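Q: Just passing along the structure, written as structure tokens.
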Amino acid sequence: MIPSIPSSPLPGNASLPPGGNLPQAKVDNNVLLQVLTQPGRMPPLQLGELLTAKVADQLGNNQLAVLIKNSLFTLNMPEGSPAQSGDTLKLKVMSLQPTLTLALQDLTQEGAPAKDGSVAVALSPASRYLTNLLTTGDSAKSQPLQLNAGEQTPAQMADALKKGVAQSGLFYESHLKDLAHGLRTPEELRAEPQARFAMHKPDAGALSGEHASAAPARSQMQELGGLVQRQLDGLENRTMQFQAMAWPGQPMQLQIEQEVLDPERQARGEQEQVGWSTSLSLDLPALGGMAVRVRLVGQAVQVSFQTDENSTGELISSHAARLDAGMAAAGLTLASLVVKEHETDAG
């Protein structure tokens, strides 16, 4: 996800002004800058390192797209900052964890030679649009999948989960390709978020705050930006994360992951089945917290439970035969079942 600015104490002599606006905070008279977005693959950075950043574009709302070590970042500048495209920023790395924090040390206006030999670049309209989406999507939250384990059969639960994932919007572009080949219907695509955005597309004035519809338009941009970020995270990590309601009032976290094939075995020409794993976490009223990981390779299933309560683990183990029978009825083989209590840190 797009990182948020930590609320923990800032390094050095940093102090936040009333309201906690980080872009105005200072460390040794250097202004701290809020890093709104950063690349999926971070360039090597060291604590205290001095950086040269080239301003690639102005995004409005005091936000700049900058190039640092040939990687694109979005920074939130202090109000009234004179920085513009082509300028050079002198930055210092103040912290790397839990989030990246940079301090502005100097600003060189356009026309002055940069010491690192970098050149000014201009982002295309499409790049600017995507950058704005990722920035405004910082606070967007995905809508949870609605399930009901108390009333639905396992088959109904599986179908609801399948539809929820398919209609999440994460695979919209792939579904457009299916539509072009007659593999999907227009009605199926209308159930996805992107179709709703297309039907209620706001005008430019609304997005810039010139009309009364600015608030709904901004909310729509936040939702779409969050969706784009989740798509990029999925492509980068081969992992899909969802919020879901196991039943009304019972939230759970769900993650679906495609395992990476062993490149050495592939190079030797060995056959290897793609493995899939699903992880979910629940905090149940009577059983306490638990995490479950289900790994599927072919027709073989490996299940691992981790519980907060030892009694819950014993209850799961006592029903292992029912789980084995249920897997067999679905044409699957329970290859292994592991149940262990959650390890807590001492002290």
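The values are calculated or read from the model by the stated rules, or taken from the named source; none is laboratory data. Please read these numbers as outputs of a predicted model, since none were measured by experiment. Note that we place each Cβ from the backbone using ideal geometry, even for glycine, and neighbour counts take in every protein chain shown.
Q: Here is a check on your reading of the model: is residue 127 surrounded by fewer than 19 Cβ atoms within 10 Å (Cβ to Cβ), modelled with pLDDT of 80 or more and under 22 Å from the mean Cα position of the chain (by Cα)?
A: So residue 127 fails the test.
Quick grid of which residues meet (1) in contact with a helix residue (DSSP H, G or I) (Cβ under 7 Å, 6 or more places away or on another chain); (2) part of a loop (DSSP other than H, G, I, E, B); (3) within 23 Å of residue 241 (Cβ to Cβ):
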| residue | (1), (2), (3) |
| --- | --- |
| 148 | no, yes, yes |
| 151 | no, yes, no |
| 161 | no, no, yes |
| 165 | no, no, yes |
| 170 | yes, yes, yes |
| 177 | no, no, no |
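Q: Of a type in the set (A, V, I, L, M, F, W, C), part of a loop (DSSP other than H, G, I, E, B), more than 18 Å from residue 158 (Cα to Cα) and at pLDDT 85 or above, is that true of residue 335?
A: Against the criterion (of a type in the set (A, V, I, L, M, F, W, C), part of a loop (DSSP other than H, G, I, E, B), more than 18 Å from residue 158 (Cα to Cα) and at pLDDT 85 or above), residue 335 does not qualify.
Q: Continuing with this model, one more query. Within the group 303, 297, which residue is surrounded by 17 or more Cβ atoms within 10 Å (Cβ to Cβ) and in contact (Cβ under 8 Å) with a residue 24 or more places away in the chain?
A: It is 303.
Q: Also, I was wondering about something else. Only one of 258, 271 is without any contact (Cβ under 8 Å) to a residue 24 or more places away in the chain, surrounded by 13 or more Cβ atoms within 10 Å (Cβ to Cβ) and of a type outside the set (Asp, Glu); which?
A: Going through 258, 271 in turn, the sole match is 258.
Q: Output the residues belonging to the range 69-81 that are farther than 11 Å from residue 32 by Cα, part of a loop (DSSP other than H, G, I, E, B) and not charged (D, E, K, R).
A: Residues satisfying the conditions are 70, 80, 81.
Q: Only one of these is exposed (fewer than 15 other Cβ atoms within 10 Å of the Cβ), touching a Leu at 6+ places or on another chain (Cβ under 9 Å) and of a type in the set (Ser, Thr, Tyr): 318, 311, 336, 277. Name it.
A: Result: 311 is the single residue among 318, 311, 336, 277 that is exposed (fewer than 15 other Cβ atoms within 10 Å of the Cβ), touching a Leu at 6+ places or on another chain (Cβ under 9 Å) and of a type in the set (Ser, Thr, Tyr).
Q: Among the residues of the range 98-118, are any at pLDDT 80 or above, part of a loop (DSSP other than H, G, I, E, B) and either at negative phi or more than 25 Å from the chain's Cα centre (by Cα) (or both)?
A: Yes, that holds for at least one residue.
Q: Mind checking which pairs have a first residue in the range 170-190 that is surrounded by 10 or more Cβ atoms within 10 Å (Cβ to Cβ) and a second that is in a helix (DSSP H, G or I) and of a type in the set (S, T, N, Q), Cβ under 6 Å, 6 or more apart or different chains?
A: 170/231; 172/194
Q: Which ones in the range 268-291 are closer than 13 Å to residue 252 by Cβ and acidic (Asp, Glu)?
A: 283
Q: Sticking with this structure for a sec: Scanning the range 49-68 for residues that are in a loop (DSSP other than H, G, I, E, B) and modelled with pLDDT under 85, which turns out nearest to residue 107 (Cα to Cα)?
A: The selected residue is 62.
Q: Which one of 84, 46 is assigned to a loop (DSSP other than H, G, I, E, B), at pLDDT 80 or above and not charged (D, E, K, R)?
A: Just one listed residue meets the conditions, 46.
Q: Consider only pairs whose beta carbons are under 7 Å apart and that are at least six residues apart or on different chains; among these, list those whose first residue lies in the range 308-326 and is at pLDDT below 95 and whose second residue is exposed (fewer than 13 other Cβ atoms within 10 Å of the Cβ).
A: The qualifying pairs are 313/340.
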